[in-house]
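The values are calculated or read from the model by the stated rules, or taken from the named source; none is laboratory data. The shown structure was predicted, so the numbers you read here are calculated from the model rather than taken from an experiment. Cβ: placed from backbone, ideal geometry, glycine included. Neighbour counts: every protein chain shown. Areas reflect the complete protein model, heavy atoms only, side chains present, ligands, DNA and RNA absent. Shrake-Rupley method; radii C 1.70, N 1.55, O 1.52, S 1.80 Å.
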Amino acid sequence: NEQEAREANGPNGRWRKLIFYRDISKYTSPRKTESETVSESHVRFATPDAMNLFLRSSIITLLSLLVLVATDQLDDVLTSSSGIFPSNSVKCGEKLSNTAFSSVFRSTNDVSNWRDVNIAYEPNAFEIDMIHNDDANPERSWSLRLGKGGQIMSLIVKPGESMANQGHHTAIWNDLVQQMVSVNGELNGVGGKNNFIHGAGVYANETEGTKPPFYSPKLALKCEGNDCTMINWGQQAHVPTPWDSPLLYYTRYHDCGDGIIQYDMAIYHFGQNASRFDYFNTPWTGVRTSIFPDLMTSDNKGKLQIAFPLQHFGAIQLLNLDQTGGFSTFAEKVGIPADYSPPFCVDKNNQTEWHDCNDKNVPENSSVPFSFDVKVANSSSHTDHWKNYGLAADSTVRMRWCDLSTTMPSGSWGWGSPAKKVVITNDDTGFSFESDYIIHYCWIGVWTYMSASVNATMINEQFPVGASISVAYRDKSGLPWNEQNALTFVHGKGSEYRQDWHRAKSRIRYGTTGPLRDGTVFTTNFIGTLNNGEVYFSRKFLVSDLLSNMETVGPELSDDAYEEVYTAGNYGDGEIINLWTSGILFGATVGTEECRDATFVCKGNSAPSENLIPLFYITCGTNKIITHDPYTDPYLGTAINEEFKRPYKCQLDPNDLTRSGRANWKLLGFFPGGTCSSIGSLEYLSDLCKSAPSSVPTEVQSLLPSLTNSMIPSALPNFSPSSVESSEPSLNSSSVSTNVPTFFPSLTPSCSTDSASPSSALSSEPSSNSSSMLTNAPTFFRSLVPSSTPSKFNSFDTDPTTSPVGISSGVLSSSRLSVNLPVLVTLLASSFTLVVARDFV
């Protein structure tokens, strides 16, 4: 897959070997066929769970895994010397881990089961896979897929895909994924236009331009060791938009081992105006409800308790961080309290007004539990709601249960998702049916919409007017905590509150969505301010482990989960970046490195600061430009002057008036404004300033030949021969003779000894002596000069008129190929082996 990776990442990247994966036989399926010989001790999991299914059918089920990721020195320095990130957590850094990366796309749909409406765009969203395997504790294994916008688009753990489904045709891995979101409260909603900057990318609101989806442009990427860091230009999500985006999003994922992922988020405001952002989701995410249906929050003593029942995300369900133990957990099956009943009550004196039975603001003994009953005969009928909620065809009905003034809430398990089914019973007759999803309770105070296991005719027959109705969960049981997986978000306790950049306390907010998206929304809100020149930073942790371990690991990590706002460059001065030009190209050096045979242009840094602003290299087709304005169209040389911005479109040529192109962006660093403008539209070449070869050869032989010639030849022979011909013959003979003729003819014939076997190519002049070993087959090509003695065998070309005159233009016969092809194949194979070995060094 090296060639595939090279094609995907372009010709200008340096290639780095990241990992040689050990003992991949552990990933093979426990369901062995007769031809499989993997021993039972090498089976990755005891059961064919989702993680095993993914691993055994993925690229890493090969006998070994060599991962290559394209990068260049700018990506290296911009991600590792950004002045943005603090050091990794000491609690995390002490743990040992073994992380694998793969930049070669492979669909996860066998496990993730993405909705058909968006599955075609999975390759478009993909950027890189980050994989951790724990043989001893499979519940701590995970496979994290990063999207092009730096978002977590997939997180596969032992039970299955934990990220919400992408069920909306305009929200294609840009909404219910794990990402940062920033809101400018002053501008949001002005003129009916939202001001939400997504880390992932834009909604596919326009047929032309936003499909395939446009993700927040990747500016730099480095994945090495146990870290993966990405820089993106965050995008206004609701396009087309009158608002710009002055935000760079930095994300760093660090594999801590033990199922723990350190998740660092940073937002740099590079805008040159006074715009201020004051509401943030760090992160915003959606957890797959069908995999992890139960949400548990921690109290200030670090104990978990189920948040039940959950309502739709539109309802107000939130906790300030200082009301928690610093972490929240999603689990497979916790169980419902045995004494639970629907929390709907009505006022004794006005039974058209309902409220939550647990509402402490309602006077005691002033209300009674609300009871459902059939209000109108034959009121049940089928609806088309199943089309929009991912339910079975023709499975949705409505019934008139209520006579209230307002709609009751829905959206909790069984009351709004397929995670827990409810049973609806006629209390008078005992007849009942099941519902996977109650869509609306008492919509406009009257109608209840739901899925039903029976048809409307049966409901009308079994539920006459006045029939009393009860609703109960079919199954309230749970699993032991040490027998179920969990996914924990360690968000901290908000001890930073009362810094001058806070407006209000940070909090968690959560709620359900419908079965089409199959996700529970979970987010941490930072409610503070971010001005130009500032950085907002947040450190969180994700933990995949048994539920029984979460009350231990959550409190251990919670003190290291925090957030802060600071001036850019707070965590280091960065490194110097110099830009150089040479002809039609330009390149970069880092630190004090010079660029040979090139002209110095400008000096910048890898870290932003007060007087340095980001410099972008933007390409669209064959058009190129460097600029401080990311909205610049490379063909026009300026930003497009329109009321609404569409950064996902660029002009290819004079005739491309609809702007059918899609640009690419690269961050070159941070420079004083205008100092690099002379570069203009030159082409960036990452290897332009590549270091010159050593002037003096090394004293020890290389294991494999160099990719380029040495200025002075080495005095010692190589361990193995070169894969390309030398410009002139060696001064000394090889220490080991070869039995295979050279692939290319010698410039001059040998003078001292005869070849052991004839060459496969013609000599520029005939040999002076006959071969010591006769050949039983004629030569592949005719001699330039005819032989002075007759051949032992007839020539393949028997035309006497062409024989004395050199090579004819005739076509080789099949017999001719059959004689010589094995020799050519052998030679080509030998050459290919050496080339491949050289490229892997």
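Take the residues of segment 503-521 that are under 32 Å from the mean Cα position of the chain (by Cα) and assigned to a loop (DSSP other than H, G, I, E, B): which is nearest to HIS440 (Cα to Cα)? Taking the candidates together, the pick is GLY514. GLY225: over 22 Å from THR524 (Cβ atoms), at pLDDT below 95 and out of contact with any Ser or Thr (no Cβ under 8 Å at 6 or more places or on another chain), yes or no? No; evaluated as a whole, the condition is false for this residue. Taken over segment 602-611, residues that are open to solvent by 30 Å² or more (accessible area, probe 1.4 Å) and in a strand (DSSP E or B) amount to 2.
Hey, among the residues in segment 506-526 that are modelled with pLDDT under 95 and in contact with a His (Cβ under 7 Å, 6 or more places away or on another chain), which one's surrounded by the most Cβ atoms within 10 Å (Cβ to Cβ)? Taking the candidates together, the pick is THR512.
This table checks each residue for (1) under 16 Å from LEU668 (Cα atoms); (2) open to solvent by 10 Å² or more (accessible area, probe 1.4 Å).
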{"residue": "MET230", "(1), (2)": "yes, no"}
{"residue": "GLN235", "(1), (2)": "no, no"}
{"residue": "PRO240", "(1), (2)": "no, yes"}
{"residue": "LEU248", "(1), (2)": "yes, no"}
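Would you confirm whether or not segment 548-563 contains a residue that is part of a strand (DSSP E or B) and out of contact with any strand residue (DSSP E or B) (no Cβ under 7 Å at 6 or more places or on another chain)? The answer is no; no qualifying residue exists. Scanning segment 285-305 for residues that are within 30 Å of ALA607 (Cα to Cα) and crowded, with 23+ Cβ neighbours inside 10 Å turns up at least one hit. Could you list all residues from segment 626-638 that are open to solvent by less than 40 Å² (accessible area, probe 1.4 Å) and out of contact with any helix residue (DSSP H, G or I) (no Cβ under 9 Å at 6 or more places or on another chain)? Within segment 626-638, PRO630, THR632, ASP633, PRO634, GLY637 qualify. For segment 327-342, the set of residues classified as within 41 Å of the chain's Cα centre (by Cα) and not hydroxyl-bearing (Ser, Thr, Tyr) consists of PHE327, PHE330, ALA331, GLU332, LYS333, VAL334, GLY335, ILE336, PRO337, PRO342, listed by residue number.
Does VAL423 meet the test of being outside any loop (DSSP other than H, G, I, E, B) and open to solvent by 30 Å² or more (accessible area, probe 1.4 Å)? In short, yes.
Let's see how each residue does on (1) under 17 Å from the mean Cα position of the chain (by Cα); (2) in contact (Cβ under 8 Å) with a residue 40 or more places away in the chain:
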residue	(1), (2)
PHE101	yes, yes
SER107	yes, no
ARG115	no, yes
ILE119	yes, no
PRO123	yes, no
PHE126	yes, no
ASN133	no, yes
PRO138	no, yes
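Exactly one residue out of GLU122, GLU127, GLU94 is open to solvent by 20 Å² or more (accessible area, probe 1.4 Å), acidic (Asp, Glu) and modelled with pLDDT of 95 or more: that is GLU127.
Going through (1) surrounded by fewer than 22 Cβ atoms within 10 Å (Cβ to Cβ); (2) closer than 20 Å to THR251 by Cβ; (3) touching a strand residue (DSSP E or B) at 6+ places or on another chain (Cβ under 8 Å); (4) not small (Gly, Ala, Ser) one by one, THR581 falls short only on (2). Out of everything in segment 535-578 that is touching a Pro at 6+ places or on another chain (Cβ under 9 Å) and on the phi > 0 side of the Ramachandran plot, what residue ends up being surrounded by the fewest Cβ atoms within 10 Å (Cβ to Cβ)? The selected residue is GLY569.
Here is a check on your reading of the model: is GLU161 modelled with pLDDT of 95 or more, within 23 Å of ALA486 (Cα to Cα) and open to solvent by 10 Å² or more (accessible area, probe 1.4 Å)? Answer is no for this residue.
Just the residues that are assigned to a strand (DSSP E or B) and polar (S, T, N, Q), please, taken from segment 613-630. THR619, ASN623, THR627 - these are the residues of segment 613-630 that are assigned to a strand (DSSP E or B) and polar (S, T, N, Q). State whether the residues of segment 631-643 include one that is of a type in the set (D, E, K, R), modelled with pLDDT of 95 or more and closer than 25 Å to PHE85 by Cα. Looking through segment 631-643, none of the residues is of a type in the set (D, E, K, R), modelled with pLDDT of 95 or more and closer than 25 Å to PHE85 by Cα. Got at least one residue in segment 495-502 being touching a strand residue (DSSP E or B) at 6+ places or on another chain (Cβ under 7 Å), part of a loop (DSSP other than H, G, I, E, B) and closer than 30 Å to ASN300 by Cβ? Yes, that holds for at least one residue. Only one of the numbered conditions (1) assigned to a strand (DSSP E or B); (2) touching a His at 6+ places or on another chain (Cβ under 7 Å); (3) open to solvent by 40 Å² or more (accessible area, probe 1.4 Å) is not met by ASN532, and that is (1). Where strands (runs of 3 or more DSSP E) fall wholly inside segment 319-413, the ranges with 2 or more residues that are touching a residue at least 24 places away in the same chain (Cβ under 8 Å) and open to solvent by less than 40 Å² (accessible area, probe 1.4 Å) are 327-331, 344-347, 396-400.
Step by step: first the residues of segment 170-222, then only those that are among the hydroxyl-bearing types (Ser, Thr, Tyr) and part of a loop (DSSP other than H, G, I, E, B), then the one that is surrounded by the fewest Cβ atoms within 10 Å (Cβ to Cβ). Which residue is that? Within segment 170-222, the match that is surrounded by the fewest Cβ atoms within 10 Å (Cβ to Cβ) is THR207.
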